[in-house]
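The values are calculated or read from the model by the stated rules, or taken from the named source; none is laboratory data. The model shown is predicted, which means the values in this text are computed figures rather than measured ones. Here the Cβ positions follow ideal geometry from the backbone for every residue, glycine too, while neighbour counts run over all protein chains shown. Remember, those area values only see protein heavy atoms, side chains included, never the ligands or the DNA or RNA. Shrake-Rupley method; radii C 1.70, N 1.55, O 1.52, S 1.80 Å.
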Amino acid sequence: VRRLNNREYANTLRDLLYLPDTYNASADFPADERGESFDNNADTLTLSPVLIERYLAVAQNASLEALKPRPGVVIEGNQANISGSTSRLNDPGRSFESDYANRMAKVEINLKTFGERAFRRTITEAELAGMMKFVQLAFTHEGLSDQTFDRSMSLAIRAALMSPEFLFRMERNAQADGKGAIFALNDYQLASRLSYFLWSSMPDDALYAEAKAGTLKQNLEAQVARMLKDPQGISLTKDFLGQWLEIRGLDNTPNVDKALLTSMKSETEQFFNYIVTNNRPITDLLYADYTFVDARLAKLYGISGVTGDEFRKVPVDLAQRGGIMTHASILTLTSKPLGEGLRTSPVIRGKFILENLFNQKLPPPPPDVPALALDTNAQLKGTVRQIFEQHRNFPSCAGCHARMDPYGFALENYAGNGAWRLADNGDAVDASGVIDGKAFAGPVAFRLMLAERKDDFRRAFIRKILSYALGRGIQGFDRPAVEDIVAKVKADGDTFVSVILNVARSYPFQNARGSLASGEKPVAGAKLVPVSAESRN
C-alpha cells in the first residue's frame, strides 16, 4: 500500500476528471520527500493532517470544475436536468432514456464507470451503493432543480476522491491467508503498476480494456511500445530522469541566466526523450554523437547555424562533446555553488559520475577534515585542479579522492556553465588522469574509457530504473532479477524498449507480497527471490 505522490495525484486527478493540462491540483501540497533518489519511494510517502486538508479542498474544487459545461456545446431545453452537464463524466449514461424516473439509474451508470476508473479496478456493489448514498442525499435536499443532477454527481465524486482506494495504490491478494504469501498481480494491478511507472498517472482506456479482458500480460510488449510513444511518456523523462540526474534542481543555480538554465535543462530532457521514443541504446547516454540545442545553447557550445528558441537535433564535435556528461545542465549542476567566475568542482563532478552513472556509493568525508577555504568570487592562485589536489595531502581523504577526482579532472575543459575552455585562470587546462590503472589525457580519451565501462553502466542504470518502477530501494534479494534483466538487455543491443519491457516482465514487477495478519510471521519460503527463467516457464 503506497500513497500517490504529489505528481501522481495531480496527473491522476486531471486524467480522471478530464481536466485541462494546466490544472495542477498539488501546487500547494507539502513537498514529497525522496528515498533512494526518488519521491515515489513507499518508505517516504507519509500522510499528514495538512495533506488531508489539501485533499479535501481539491476534491471539492475539482469535482465542481469537472462538471462545468464544455465550451462550444449547447444544451437544449431541460436536458441538463435529465442527463447532467456536457462533462465526459456523464457520457456513460447519456444514451439512457431521458426522463426523471430514470435519473437515479443514469447517475448510477455514470458513477460505476467513474468508480472503476478512480479505484483503478472493478468495484463492488457495496462500493457503488456507498457512492449512491451521496446522490440520494443531494436529491433529497435539493429536489429536481436544474443543477441537482450534477451536484449529486459532484458529491459522490468528492467522496470517492477522499477514499483510500483512490489516494493509495493498493494491491490485494484475492486468496489472502494473512501469512504474507507472494502472489502474482492480476491484470488490473499490473495495469496500474505499468501506468504509474511510465506515465506517473492512472491507466488509460486501452490499458483498462486489456485488464478487463485479461489479456494485458500476453500483450505487454505491444502496450509498452504504445505507452512509450504516447505523449504521456514524457513523464518518464520529467520524473525519472529529472531525479536520477538531479536536473530538477538546476533552476536554483546562481550566476547563470535563467533563460540559459531553462535551455540547458531542455537539452537533456529532449535528448533522453529522443532515446525513449526512438528506442535508442541506453549507451547513447555515455557517448552519443548528437544532442539538441536552441540558439541560446548553440551559442554557448559554439555551434553555428542555429537560430530561434526551437530545439533541434544536431551533430556534436566529438573532440569536445558527446554524451550527457558534456551537457551544460550536468556540468553546471555539478559545479555548484557557482561564483561569478563560474568555477568548476572536480570533486562534485567525479562523485556524480561514480554515484549516478555507475551506482558506486562513496562514504561521507571524515568529520575532522576541514573543507577547502574557497571564496567563490575571489581570484584564485593556480587552477582549480591545483587547489582541489590539496585534499590528497590528508591520508584519510586520499583513498576516496583518488577514486573521484580523476573523473572530475577529466572534465576540466568545461567551465562551470559547461562552456568549452582550454585555459583555467591563465594556465593550460590539465584534463589527464589515471582510472583503474589506465591513463588518459583529455575528454576524448576519457569518453572512450567510459565506453569500456558500459557493462557497469548498464547494470547501474537498470538498478535505478527498477527502483523507480517498484517504488522502493533495490535489495540483495533482487540481485537475480537485476542480473536477468541485464543479460536480456545486453542481448537486445541495450535498446531502451528492452530495458522497460524486461523490467515490466521481471519477477519483482509482476508479483507482490500479501499482508500479514496481526501476530503472524511470513510463510516459509515467502521471500521475494526470483526463480530461474526455466522454472517460471
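Listed values, structure above:
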quantity	calculated
Given (1) on the phi < 0 side of the Ramachandran plot; (2) crowded, with 18+ Cβ neighbours inside 10 Å; (3) in contact (Cβ under 8 Å) with a residue 40 or more places away in the chain, number of the condition Leu470 does not satisfy	(3)
Which numbered condition Arg54 misses (of (1) more than 30 Å from Asp91 (Cα to Cα); (2) charged (D, E, K, R); (3) part of a helix (DSSP H, G or I))	(1)
Any helices (runs of 4 or more DSSP H) falling wholly within segment 246-335 and containing at least 1 residues that are at pLDDT 95 or above, among the charged types (D, E, K, R) and under 21 Å from the mean Cα position of the chain (by Cα)	258-277, 284-287
Residue ranges of helices (runs of 4 or more DSSP H) in segment 178-245 with at least 2 members touching a Lys or Arg at 6+ places or on another chain (Cβ under 9 Å) and closer than 30 Å to Pro20 by Cβ	187-198, 205-213
Candidate set from segment 1-24 (those that are open to solvent by 10 Å² or more (accessible area, probe 1.4 Å) and assigned to a helix (DSSP H, G or I)); member that is nearest to Pro203 (Cα to Cα)	Asp15
Yes/no for Leu137 being surrounded by fewer than 16 Cβ atoms within 10 Å (Cβ to Cβ) and free of Cβ contacts under 8 Å to residues at least 24 places away in the same chain	yes
Candidates Arg169, Arg151, filtered to the one that is under 21 Å from Glu65 (Cβ atoms), basic (Lys, Arg) and crowded, with 17+ Cβ neighbours inside 10 Å	Arg151
Filter result (of a type in the set (Lys, Arg), open to solvent by less than 30 Å² (accessible area, probe 1.4 Å) and more than 17 Å from Asn356 (Cα to Cα)) within segment 437-465	none
Segment 75-133, residues that are open to solvent by less than 30 Å² (accessible area, probe 1.4 Å), modelled with pLDDT under 90 and basic (Lys, Arg)	Lys106
